1. Separation of segment B:1-76 and segment A:283-306 by C-alpha centroid, Å?
2. Would you rank A:Thr151, A:Thr212, B:Thr304 by solvent-accessible area, highest first, keeping every protein chain in place and using a 1.4 Å probe?
3. Hey, what do the phi angles of segment A:156-171 turn into as Karplus ³J(HN,Hα) couplings, whole Hz, using 6.51/-1.76/1.60 and θ = phi - 60°, x for Gly and Pro?
4. Not counting ligands, DNA or RNA, and with a 1.4 Å probe, what is B:Glu280's accessible surface area in Å² rounded to the nearest 10?
5. Give me the accessible area of B:Lys77, 1.4 Å probe, in Å² rounded to the nearest 10.
6. If I take R0 = 60 Å and measure r between the Cβ atoms of A:Val32 and B:Glu113 in this structure, what FRET efficiency does the formula 1/(1 + (r/R0)^6) give, to the nearest 0.05?
7. Give the shape of segment B:40-128 as rounded, prolate or oblate, defined through the alpha-carbon gyration tensor: a ≥ b ≥ c are the square roots of its eigenvalues, a/c under 1.5 means rounded, and otherwise the shape is prolate if a/b is larger than b/c and oblate if not.
8. What lysines does B:Lys167 reach when the alpha-carbon gap must be under 18 Å and sequence neighbours fewer than 8 apart in one chain are set aside?
2 protein chains.
Amino acid sequence: MKICIIGTGAIGSIFGAHLARVEGVEVHAYDVSQPHVDAINKNGLRISGAADFTARLHATTNAKEIPPCDYGIIATKSTHTRPAMAQIAHVFANDGAVCSVQNGVGNEEIIAEHVKFVIRGTTFPAGHIIEPGHVGFDIKGDTWIGPFEPTKTPMSGVNELAEALNKSGMNVIPLEDARGAQWTKLIFNASTNPVGALTLLHHGAATRLPATGQLFNDLIAEGEAVAKAMGITLHGDPRAMVQKGANAPGKHNASMLQDVLAKRITEVDFMNGAIVKWGEQVGVPTPLNKTMWALIKGLEHSRTNP
Amino acid sequence: MKICIIGTGAIGSIFGAHLARVEGVEVHAYDVSQPHVDAINKNGLRISGAADFTARLHATTNAKEIPPCDYGIIATKSTHTRPAMAQIAHVFANDGAVCSVQNGVGNEEIIAEHVKFVIRGTTFPAGHIIEPGHVGFDIKGDTWIGPFEPTKTPMSGVNELAEALNKSGMNVIPLEDARGAQWTKLIFNASTNPVGALTLLHHGAATRLPATGQLFNDLIAEGEAVAKAMGITLHGDPRAMVQKGANAPGKHNASMLQDVLAKRITEVDFMNGAIVKWGEQVGVPTPLNKTMWALIKGLEHSRTNP
């Protein structure tokens, strides 16, 4: 089985390194960072933290070098999904299926513009790049995957990919309907991410301060109302995820705060923007999510010194 | 007539310097900045920009040096009203009346804890400190003053203070009910200030970006609903103030953005916090103002590295 990792940031690297250890699985990695790719090819991909090992796999910045693959796992920022898929789509021309393990919702729709079969996915592990070729595996966690409904991806493919991942040491649950898991994480992210990015508070502090802790809950309530109107049953309580994260040791900055501090474009369109868009479709008002979206858009705009 | 200026930042300095030129008016200035006070006493208080002159007045950091005064004009940040009044109250023990020209609402209630007569005020001029003893007068504008209702301040006193100020070159309109003018500026400030502070956008850019421009309007609508339920007739349209400010030349940062950049405590309790509090009293929901309040509180909290 050939699997292509699309985007080897922290999450893509963790998936790719695990899979490369499974017998019968050949892993190819596509990334735009030449130093990271060169380090992987020279010394292997090193994982440290929640797991410690170095894996050998084929990495490249040139998508044309990658052979046809059975599966893809895309782990780019949501904002990079479209350009990445435009480069890599040919790898899946032979009915290969691409699984998103990205943040937010809306990535599968973009992937489906480029390949025949798409798998919806949500992942909870976290990590960070330590240096080229070396990724810190900060938090272990489950991954849920299931067919992306419009592409009618066969469940057999979802199960096969899940099996390979479970053999690799990642914990993956295949589901007929993975929307519940995805929306649960979406609602968590759409509350904690913009508030962290706008206040500069790490997750624990924002949860404990009564004003922002209440805002988390108010944002979650809007997201839950939209999911309910869409007929999605959530996979647990986003509030419990907030509390669990707040009780973890250390000061964890939400990924959107990391983006803001690094002056990167954020994933707000795939988080609060997506909740607003789906809310409009099902007739549920989302004024607070719209406010978060507007403020983050404004913050991004301010960097252009308008 | 003796008038005491309480807080000689840009606005207090502009009022004090103008009044010091009026025959029969003796101006005393109380401020906590020793360099500013020393410069005023040595070289006079210099105003440049929309008006150019240097005025002689008595400045001190020691409130005990100030004689009994007929009127006070308090121009501190709202967050400094209570400590400033605690120091200066004795100056008005002989039925002196203190007029607020501060931002937001809620200052008069604090002043009334310290003196018998309070005058409600709202002012539109803008300026900035250039150096100790020298203030830039950036924008001319009107000031509205009227009795603070609970202290039953006689209208004769309001008129007398307005007359002195009009003689000085400031344009002051005395009103039986000054709440409309105050709430109009409050609603303007409570929309433009937190959005500017959270996005780092200057006023013109935030007005022109559709996402934040719409957020201004949504915040204004909440404030207007609260004012209406309180029986307050606004003094014009806050949206027109937003547009007028956006069309002014240059890049003007809202005062709350200036506070955030300087890591000062903001006036959000007297702006969005006050709209939320009054909204609760009159039964009008204010979710967006509550959200702005929570985010600014979070941003202030993040400086303590919690």
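The values are calculated or read from the model by the stated rules, or taken from the named source; none is laboratory data. Because the structure is a prediction, the values reported are computed rather than measured. Quick reminder, even Gly has a Cβ in these numbers, built from the backbone with ideal geometry, and neighbours come from all protein chains shown. Remember, those area values only see protein heavy atoms, side chains included, never the ligands or the DNA or RNA. Shrake-Rupley method; radii C 1.70, N 1.55, O 1.52, S 1.80 Å.
1. Using only Cα atoms, the two centres lie 42 Å from each other.
2. Ranked from most to least accessible, the order is B:Thr304, A:Thr151, A:Thr212.
3. Per residue, the Karplus-derived 3J(HN,Hα) values read 4, x, 4, 5, 5, 5, 4, 4, 4, 5, 5, 4, 6, x, 7, 9 Hz.
4. 140
5. 60
6. 0.45
7. oblate
8. Cross-link targets: B:Lys2, B:Lys140.
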